[in-house]
Amino acid sequence: MHYTFNNLMRIGASAAIFLLCSSYSYAQKAHKDVKAVSDSLKTDTVFNLKEVTVSGARIIQKVDRQVILPTQTIVKHSTNGYDLLKKLMIPTISVDEVQHAITSSAGSVQIRINDVKANQSDILALQPDEVVRVEFIDNPGVRYNEDGLAAVINYIVKRRYAGYVGGLSTTQAFTTGFNNSNAYFKYNHKKSEFSLSYNFSYRDYDKQHTDQYATYLQPNGIERNINYLGFNNTMAYNAHTLQLGYNLASPDQYVLNVRFDFGWMNAPYSGGIMRVEETGKADLLQYNRNANHDRTPSLDLYYSVNLPHKQTLAVDVVGTYIGTNYSHRQLEYLFDETLDKTIAGKALHDYSYKTDGKKYSLISEAIYTKTFSKLAAFSSGFNYTVSRTDNKYTGSNNVNTILNTNNVYGFAQLQGQAGIFNYQLGVGANYVSIEQSVDGFHKWTFRPQIMLSANPLKNVNIRYTGRLRTNNPSLAWLSEVRQQSSTLQAYDGNAALTSYNIYSNDIRVTWNTPKFSLYSQGGFQHMPDPIMMSILPQKQDDGSYLYIWKPENQKKFEDWTWNTSLTWHAIKNVLDLMVSCNYEKDKSRGLTYSHDYDFWGYQFYGDLTLGKWNISYWFRNSFKSLWGEDITGGENGSNLEITYRHKNVQVGLGCLLLGYAQGYNYTNETNSRYYRSTSSTRIKDNGNMLFFSFAYNFSHGRKYNAGNRIIENSDHDSGIR
């Protein structure tokens, strides 16, 4: 019998799952010969926080978060913040340590270190043995003013009082242009810490292509059915981040932090090439090639001070410049026998343009906190952001878009206990002003939130959260610029867009013991006047139709979600397993359309540690969701990695997307009155991608608490479409 390489990889994936799930009896025996290091929390230790009493569990439940205590075995076999977070198996959170991605199906995930918003370089430079605990805030309060934020992960870290820490790591594919590398060094002397880090990412793919089938329905009843056949296309980029930092801290008195970041990214080519086939017409070729170069320097100044009577005050100021050079080549050819011959000829249409983008922003924030007891605390603060965006488009579009924005946000939050309930009450007020020439909008919005939790049974916590928040239109959508991509399609901005409210309710139940952890959450969201796309046919002078994609405030959007995760610590410090399942039902109601969609998702993670060896396997199906009239698919996952650790060095071999020879497969579907489409974008380069990993960390000196920085801000929105 003959097997293809893809079949062998699928067999390997099945074998990996079998190995992790069926190794209980073998690992039980091997465990007797492994020198196990005791957990950070001993099994006979009892924590009584008057919120929930947990004996010997890894998780402590608080009113607004779960506090997760890494075991020493997990710490020992982790190389950075991504690796550590993956091994903690946090429900609803997916960690791809190969791609350096932390995601949630419910929205974006914000990462913090000692309450400081962290970037990729910070997470990679995190020393696992410095992490005391990880806080999982699965329903952020009014303190976090960020659109679409589903969760906050906060690493609590103790730093060194004197000495140094440093390291480097790399992940390199054998046959694919894929590399992630970083290096860092920190030096501590008494109250001062000096830090330097550098992060590098590189991709070079040549097997990315998109296939699509589309139907254009004209108002006069005529249908045009078009088949788009994709060619393999190249995609490449290299991204760099350099960070310099200085921290001066007396933990019981003050913290001063100065940080300079400089990021630059060069993406010389991306896009797609497709042959266009339509019955009764000559074949065409759509050629799209993009190039992008970004420079983003920023300076961050932070200061916090502890005041008498358990009070603190923190102030943060961040100045950022985003410079962008973007080139978009969009041409249409009459297909002439071969791809090379066609491109060498004269284009029928040229929709290309270039963008010279400049954005300046200043973010200022201050937060005051007053602690009354272990349970009761009050906090308030404000954030003021001002920015100016100046993007100049030349080519098929010749226009200069200047956007001036002002954003003021203030909040107050009270946390305490009333009888059997722990509560958190908060309200935020937001003023947004965005102006483009004589157009723009000015709006006040309010963001109240209530959170109640109780512990009806030992180790069981039930929590209800109700909140209102507001989403604002992006700067790119507000730009009145038409970008035409073919003779049939164009994209418009809309300066008349207004922000919209999101009303949310959810109930969460958790059950945590030393052996098992159960997490189950159900929620409902209602959004009146959401910003979603309309697809509108526009008749041209020659009688043909141009289909316009335009963002508009539609009628409403609703979704119901449910997520359940079960974690089994099968053998202490040896075998951990997690399985999770989520369901989502979406209802999209536009000005001229109505759509419903149901989706089931699931993932599995297993981690086996035997002495210096570690085997981990992670699987996730592709998440899909409805928004407007589009059903979009995310990334699937199937990663296997085997590592060996000796002292401060760890080496490993792994396979990305094990069993998926076609690599990543992003599927999209649109079903509108005038346009229907199904498409699939594959990146074959990542399929069954074998890679090598290496990490080396070194340190010297004793630790102390360098003080927690409780706020940080950053700006990454260039406003370019």
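Structural remarks
- Long-range neighbours under 7 Å by Cβ, at least six apart or interchain, first residue at negative phi and part of a strand (DSSP E or B) within the range 442-465, second at pLDDT 90 or above and among the acidic types (Asp, Glu): Thr465/Asp506
- Meets criteria (without any contact (Cβ under 8 Å) to a residue 40 or more places away in the chain and open to solvent by 50 Å² or more (accessible area, probe 1.4 Å)) for Glu223: yes
- Residues located in the range 386-406, provided they are touching a residue at least 40 places away in the same chain (Cβ under 8 Å), in a strand (DSSP E or B) and open to solvent by 30 Å² or more (accessible area, probe 1.4 Å): Thr394, Gly395, Val399
- Inclusion of Thr567 among residues that are closer than 12 Å to Gly522 by Cα, touching a residue at least 60 places away in the same chain (Cβ under 8 Å) and in a strand (DSSP E or B) is not warranted.
- When every residue of the range 458-465 is checked against the conditions, none turns out to be touching a Pro at 6+ places or on another chain (Cβ under 9 Å) and closer than 26 Å to Thr385 by Cβ.
- Residue tally, condition modelled with pLDDT of 85 or more and either surrounded by fewer than 18 Cβ atoms within 10 Å (Cβ to Cβ) or over 20 Å from the mean Cα position of the chain (by Cα) (or both), over the range 131-149: 3
- Scope the range 324-378; condition β-branched (Val, Ile, Thr), in contact (Cβ under 8 Å) with a residue 40 or more places away in the chain and not in a strand (DSSP E or B); matching residues: Thr342, Ile343
- Selection status of Ser433, touching a residue at least 40 places away in the same chain (Cβ under 8 Å), assigned to a strand (DSSP E or B) and closer than 25 Å to Arg143 by Cα: no
- Residues of the range 607-648 classified as in a strand (DSSP E or B) and open to solvent by 50 Å² or more (accessible area, probe 1.4 Å), total: 7
- Qualifying positions in the range 88-130 - closer than 24 Å to Met451 by Cα, at pLDDT 85 or above and part of a loop (DSSP other than H, G, I, E, B): Ile90, Pro91, Thr92
- The condition (being under 30 Å from Lys370 (Cα atoms) and either of a type in the set (Asp, Glu) or part of a strand (DSSP E or B) (or both)) is satisfied by just one residue among Arg295, Arg259: Arg259.
Let's see how each residue does on (1) over 30 Å from Phe692 (Cβ atoms); (2) in a loop (DSSP other than H, G, I, E, B):
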position: Thr73; (1), (2): no, no
position: Val132; (1), (2): yes, no
position: Pro140; (1), (2): yes, yes
position: Tyr144; (1), (2): yes, yes
position: Tyr155; (1), (2): no, no
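- From the list Leu331, Leu362, Leu348, Leu299, the lone residue that is more than 18 Å from Ser387 (Cα to Cα) and surrounded by fewer than 17 Cβ atoms within 10 Å (Cβ to Cβ) is Leu348.
- When restricted to residues that are open to solvent by less than 30 Å² (accessible area, probe 1.4 Å) and either of a type outside the set (A, V, I, L, M, F, W, C) or free of Cβ contacts under 8 Å to residues at least 40 places away in the same chain (or both), the range 241-258 contains 5.
- Filter pass, Thr170 being open to solvent by 10 Å² or more (accessible area, probe 1.4 Å), touching a residue at least 24 places away in the same chain (Cβ under 8 Å), touching a Phe, Trp or Tyr at 6+ places or on another chain (Cβ under 6 Å) and of a type in the set (Ser, Thr, Tyr): yes
- Index of the failed condition, Ser78 passing every other in (1) at pLDDT 85 or above; (2) open to solvent by less than 10 Å² (accessible area, probe 1.4 Å); (3) small (Gly, Ala, Ser); (4) over 19 Å from Val132 (Cβ atoms): (4)
- Considering residues of the range 652-695 that are of a type in the set (Gly, Ala, Ser), more than 15 Å from Asn233 (Cβ to Cβ) and part of a strand (DSSP E or B) only, the residue farthest from the chain's Cα centre (by Cα): Ser677
- The set of residues in the range 523-552 being farther than 17 Å from Ser485 by Cα, in a strand (DSSP E or B) and either open to solvent by 30 Å² or more (accessible area, probe 1.4 Å) or among the aromatic types (Phe, Trp, Tyr) (or both) consists of Phe524, Gln525, His526, Pro528, Glu552.
- Qualifying positions in the range 555-570 - surrounded by 21 or more Cβ atoms within 10 Å (Cβ to Cβ) and among the hydrophobic types (A, V, I, L, M, F, W, C): Phe557
- You will find that of Ala101, Ala125, the residue that is small (Gly, Ala, Ser), in contact with a helix residue (DSSP H, G or I) (Cβ under 9 Å, 6 or more places away or on another chain) and open to solvent by 20 Å² or more (accessible area, probe 1.4 Å) is Ala101 and no other.
- Residue within the range 436-452 that is modelled with pLDDT of 90 or more and open to solvent by less than 20 Å² (accessible area, probe 1.4 Å) present: yes
- The set of residues from the range 474-494 being in a loop (DSSP other than H, G, I, E, B), modelled with pLDDT of 85 or more and within 28 Å of the chain's Cα centre (by Cα) comprises Asp492, Gly493, Asn494.
- Taking the numbered list (1) in contact (Cβ under 8 Å) with a residue 40 or more places away in the chain; (2) assigned to a strand (DSSP E or B) in turn, Thr175 passes all entries but (2).
- Tally, over the range 387-434, of residues that are of a type in the set (Gly, Ala, Ser), within 30 Å of Val317 (Cα to Cα) and in contact with a Leu (Cβ under 8 Å, 6 or more places away or on another chain): 2
The values are calculated or read from the model by the stated rules, or taken from the named source; none is laboratory data. These numbers come from a predicted model, not from an experiment. Please note: Cβ atoms are built from the backbone with ideal geometry, for glycine as well, and neighbour counts cover all protein chains shown. Side chains are part of the model used for accessible areas, which takes the heavy atoms of the whole protein and leaves out ligands, DNA and RNA. Shrake-Rupley method; radii C 1.70, N 1.55, O 1.52, S 1.80 Å.
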